[in-house]
Amino acid sequence: MKFRIGEKEVGDGCPAFIVAEIGLNHNGDVEIAKKLIDAARDAGADAVKFQKRHPRTCTPKDQWDNMRDTPWGYISYIDYREKIEFGPHEYNEIASYCYRYRFPWFCSFWDVPSLKQMMNAYPLPAIKIPSAMLTNTKLLELARFEGKPIILSTGMSTITEIRRAIETLYDEMAKPPPLAILHCTSSYPCPLEELNLRVLDTWSRIPKLNRFVLGYSGHEPGLAPTLAAVALGAKIIERHITLDRAMFGSDQAASLEPTGFRRLVKDVRAIELALGDGIKKVYPSEEKIKEKLRGA
């Protein structure tokens, strides 16, 4: 499968599409968000992604009154969730900023109203369904009728749950949307022994899964596992980006700082060049050495 996000093709025969996940690492500050967009662009990412939710819809009520130390003081958890959530004013600024540079941006959606609101307001090039919402049938059903590529993360999910989500998104549609499935383990940061990257190889041999674009959403420290995922065939790569891993926020420690993200993109592109086409051959650079060492 192959489809487009913005001006770039994604899928078979294409370079890995690298998404810088800003998520909530902006901590409710649109100026931090702009700096993260700049960092992603400078690093060579192909797009940035935010998260959109209505906190009072998505946050379990038994957690609302839990108190938490935050940059805004000692406040309830629901007040904290609302302070870090961007609304129309902030997303209008983000849209203008990204459009100025023709740089794609889109969102993970955590509830039906958020998806409706954002898709009506902005020409987003893709829809992300986060791992936590993989079993949210109403959200999946709404997403599939938008006609945009859907990227589905699969953390915390069994293969049965993943198949059901695919059936909801894809199987009954006369014209199904393009679909990408991202292997993911939802721990922040994720221990190396729980990444299980061989899942990508397993999926590539399952007919019901290998017809889709396969990718990887990583929350591990460092770069090596993500690079290994590219070598295993991941065509979409998603990693969180932050200005400083010591900043306040639950995702910061599992994120890459600008220098690390730049290195990630550089190394992904190097691996893609090194993988080649799989056909054994004698290269022109070897001819003189061959003649010298073999006399032929």
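A short reminder: the numbers here are calculations on the coordinates, not readings from a lab. These numbers come from a predicted model, not from an experiment. Virtual Cβ from ideal backbone geometry, glycine too; neighbours counted across all protein chains shown.
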Taking a label point 7 Å from the Cα of E286 along the Cα→Cβ vector, which residues of the range 261-276 have an amide N closer than 15 Å to it?
275-276
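Gain in length, A224 to E141, computed as 0.36 nm per residue apart minus the alpha-carbon separation, to one decimal in nm?
Contour length minus Cα-Cα distance gives 26.3 nm.
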Using 0.36 nm times the number of residues separating Q63 and R294, minus their current alpha carbon distance, what extension gain do you get?
75.8 nm
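Quote the relative contact order of the chain in percent (integer), defining contacts as alpha-carbon pairs under 8 Å separated by 6+ residues.
Result for the chain is 20 percent.
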For a quick protection proxy, order the peptides 235-241, 149-155 by their average other-Cβ count within 10 Å, most packed first.
235-241, 149-155
So what is the 222 nm mean residue ellipticity for the chain from helices alone, if each DSSP H run of at least 4 adds -39500 (n - 2.57) and you divide by all residues, rounding to the nearest 500 deg cm²/dmol?
-11000 deg cm²/dmol
Please report how far the C-alpha centroid of the range 126-172 lies from that of the range 5-61, rounded to the nearest whole angstrom.
19
So what's the projected area for the range 2-73, the Cα convex hull averaged over all directions, in nm²?
7.2
With a ≥ b ≥ c from the Cα gyration tensor eigenvalues, square-rooted, and the rule rounded for a/c under 1.5, otherwise prolate when a/b > b/c and oblate otherwise, the range 190-296 is oblate
Please list, by residue number, everything in the range 1-31 whose backbone N is under 15 Å from a paramagnetic label point 7 Å out along Cα→Cβ of D277.
13-14
Taking θ as phi - 60°, what are the ³J(HN,Hα) couplings along the range 60-69 by the Karplus curve (6.51, -1.76, 1.60), each to the nearest whole Hz, with x for Gly and Pro?
x, 4, 6, 9, 4, 8, 5, 8, 8, 6
Putting +1 on Lys and Arg Cβ atoms and -1 on Asp and Glu Cβ atoms, find which of A224, L273, P258 reaches farthest to the positive end of the dipole of the range 199-296.
L273
Estimated vicinal HN-Hα couplings, Hz - the range 225-236 in sequence order (Karplus 6.51, -1.76, 1.60; Gly, Pro = x)
x, 5, 5, 5, 4, 5, 5, 7, x, 4, 9, 10
Mean Cβ-within-10 Å packing, highest first, puts peptides 99-109, 79-89, 282-292 in the order 99-109, 79-89, 282-292
Taking the alpha carbon gyration tensor of the chain, what are the square roots of 5 times its eigenvalues, largest first, to the nearest whole Å?
35, 23, 18
Quick check for you: which residues of the range 218-239 have the amide N under 16 Å from the point 7 Å beyond the Cα of S204 toward its beta carbon?
225-237
Once fully extended, how much extra length lies between D29 and K175, figured as 0.36 nm per residue of separation less the alpha-carbon to alpha-carbon distance?
48.6 nm
For the range 140-296, with the dipole built from +1 on Lys and Arg beta-carbon atoms and -1 on Asp and Glu ones, taken about the Cα centre, which of G215, A143, T158 lies farthest toward the positive end?
G215
To the nearest 20 debye, the range 2-294 has a Cα-centred charge dipole, built from +1 on Lys and Arg Cβ and -1 on Asp and Glu Cβ, of 1000
Under 13 Å, Cβ to Cβ, from K34 - net charge with Lys/Arg +1 and Asp/Glu -1
-3
Sticking to Cα atoms, compute the Rg of the range 1-134 to one decimal and its Dmax as the biggest Cα-Cα distance, whole number, in Å.
15.9, 51
Shape of the range 38-103 from its Cα gyration tensor (a ≥ b ≥ c, root eigenvalues): rounded if a/c is under 1.5, otherwise prolate when a/b > b/c, or oblate?
prolate
With unit charges on the beta carbons (Lys and Arg positive, Asp and Glu negative) and the dipole taken about the Cα centre of the chain, which residue among C98, G249, I22 sits farthest to the positive side?
C98
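Add +1 for every Lys or Arg and -1 for every Asp or Glu among the other residues with Cβ under 12 Å from the Cβ of C58, and state the total. Don't skip to the end; give the middle numbers.
Working: positive: K52, R53, R56, K61, R81; negative: E82, E85, D111.
Charge balance near C58 sits at +2.
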What does the C-alpha gyration tensor say about the overall shape of the range 62-219? Classify as rounded when a/c is under 1.5, otherwise prolate if a/b is larger than b/c, or oblate.
oblate
